[in-house]
Amino acid sequence: MNQKIYSRIIGTGGYLPEKILTNLELEKLVDTSDEWIRERTGIEQRHIAAEGQTTCDLAEIASRRALDMAGVEASQIDLIIVATTTPDKIFPSTACLLQQRLAIHGCPAFDVQAVCSGFIYALSVADQFIKTGMSKCVLVVGAETLSRITNWQDRNTCVLFGDGAGAVLLQASEQPGILSTHIHADGEFEELLHVPSGPSKLPKSDDISERTMAMKGNEVFKIAVNTLSKIAIETLEANQMQKEDVDWLVPHQANLRIILATAKKLKLTDEQTVITVHKHANTSSASVPLALDEAIRDGRIQRGHTLLLEAFGGGFTWGSALIKY
Ligand code: UT7
C-alpha cells in the first residue's frame, strides 16, 4: 500500500521593513488618535517599505530566512507560490521575480491573488501539489507592500495596514504535516473591501481613492467574525477533532477584537493565540506566515503541536489550514 504523503513545514522566515510608523505619527496625517486605533483595532504601529523597496525585496529576505532555518539549498525548491495583492509588476509574477533572485531555473512559479486569505490559498495549492506527488519542496510566500495602495488621507483605512513578508518551506514527508486545508470565496461582496480600479478597469478620475483600498469596515467586521468561527468548526469536523485538540490559533491579523472573538469561540486562551497585530497591523497575505514564523522562532510552537491557521479578506475569500507541526 502506498504511504500517505504530507506537506511538512521544514522552515519559516519573516521580514518587516525597518521603518516603523506609530499611531502618534498617524495623528499628524489624519483626524485620528492613538487611543481610537488601539481600542478599535489593537494596532500600535506598522512597518512601511522604504522608497524603492518592493514586495519581491521583502519576499526574498523572508524566503532566504526560511531556507536557512530548513538548511536547504534554493536549488532543491521545485515550486514557488507567492500570495500577493501588491505585485512588483503587472507581469512577470512576483513568484518569477523571486525565482530569479534565488538564482534557480525551470521550476514552476506563480502568484496567487486572494488578498488577506492569499497565504492560506497558496498553502492549500502547495499541499495539493505535494500530496499528488507533483512537488517535493515548495516555497510558499505571503508578501505585501500595502502602503503603496493605501490612501494616506483616509482615516478609515490608513491606520489599519502595514508592509511585510512571511515564507514557509514545505517538504513531502511520510510524517504528518498539513492535515487539511479549506478555502472559500463569495464574490458577491466585491465592494465592501476593494480597490476600485486596476490594469483593465481604469480609474474614473485622478482621485487617489480610485487607486487605493476602500472598506466598509463595520460590515466586513461582522461577516469576518461569523465566517472565521464557521470555518474553524468545518476544519475540526473534517479531521474529527475537538476544540481541545488545537494547541495554537495562528489567525490573520486584521483586528485584535476579531482575533479574540474567534479564539473565545474555539475556547482557546489568549496565550494560545499568536498575536502580532499590535506590532505589524494588517499585512494581508503576509500576516499569517509572519505570525507563524514569530511563534516558531521564539519557541512557543513546538514539534508535535496542532495549529489552526485561518484568514478572511477581500473577495470575500476565507480559508483555514490544520497543521501538525
Ligand atoms: O483583512 C481583511 C479583513 N478586514 C477586516 O477584517 C477589518 C474589519 N473591520 C474592522 O476591523 C473595523 O470595522 C474597523 C477597525 C475598520 C473600524 O472599527 P469600528 O468599530 O467598526 O468602527 P466604525 O467603522 O463603526 O466607525 C466608528 C466611528 C465612526 O464615526 P461616527 O460615524 O460614529 O461618528 C468613524 O468615522 O469611528 C470613526 N473612525 C475613526 N475615528 C478615529 C473611523 N476610523 C477612524 C479613525 N480614527 N482612524
Treating only Lys and Arg (+1) and Asp and Glu (-1) as charged, each at its beta carbon, one finds that segment 179-324 has a dipole about its Cα centre, in Debye to the nearest 20, of 240
Whole-number value, in Å³ per residue, for the convex hull of the alpha carbons of the chain is 132
Placing +1 on the Cβ of each Lys and Arg and -1 on the Cβ of each Asp and Glu in segment 1-109, which of 13, 49, 104 has its Cα farthest towards the positive end of the resulting dipole?
104
State to the nearest 20 debye the size of the charge dipole of segment 6-175 about its Cα centre, where the only charges are +1 on K and R beta carbons and -1 on D and E beta carbons.
420
Where N is the number of residues in segment 6-175, Cα Rg divided by 2.2 N^0.38 Å:
1.12
Indicate, rounded to the nearest 5 percent, the antiparallel portion of the DSSP beta bridges found entirely in segment 179-324.
75
Return an integer: the convex hull volume of the alpha-carbon atoms of segment 36-93, in Å³ per residue.
151
Dipole-positive endmost among 175, 236, 193 within segment 152-242 (Cβ charges, Cα centre):
193
Could you tell me the center-to-center distance, by alpha carbons, between segment 304-325 and segment 134-191 in angstrom?
10
Which loop trypsin sites (Lys or Arg not before Pro) in segment 277-321, with loop taken from DSSP, have no more than 16 other Cβ atoms within 10 angstrom of their Cβ?
300, 303
Share, in percent, of DSSP beta bridges within segment 6-175 that are antiparallel, nearest 5
70
Enumerate the helices in the chain for which the Kyte-Doolittle hydropathy averages 0.5 or more and the C-alpha atoms extend at least 18 Å along the helix's axis, using complete DSSP H runs.
118-131
Partner lysines for residue 201 [C-alpha distance under 30 Å; skip if fewer than 8 residues away on the same chain]
89, 216, 222
Dipole in debye (nearest 20) - the chain, about Cα centre, beta carbon charges: Lys, Arg +1; Asp, Glu -1
580
Answer check: segment 136-264, Cα atoms, Kirkwood Rh, Rg/Rh ratio of 1.02
If you plug each phi of segment 163-174 into the Karplus form 6.51 cos²θ - 1.76 cosθ + 1.60 with θ = phi - 60°, what whole-Hz ³J(HN,Hα) values come out, in order, with x for Gly and Pro?
10, x, 8, x, 9, 9, 9, 10, 10, 5, 8, 7
Rounded to the nearest 5, what % of the DSSP beta bridges within the chain are antiparallel ones?
70
Average projected area [Cα convex hull, segment 179-324], square nanometres:
9.6
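Bear in mind that the values in this text are calculations on the coordinates, not laboratory data. For clarity, every value in this text was computed on a predicted model and none was experimentally measured. Here Cβ is always computed from backbone atoms with ideal geometry, including for glycine, and neighbour counts include all displayed protein chains.
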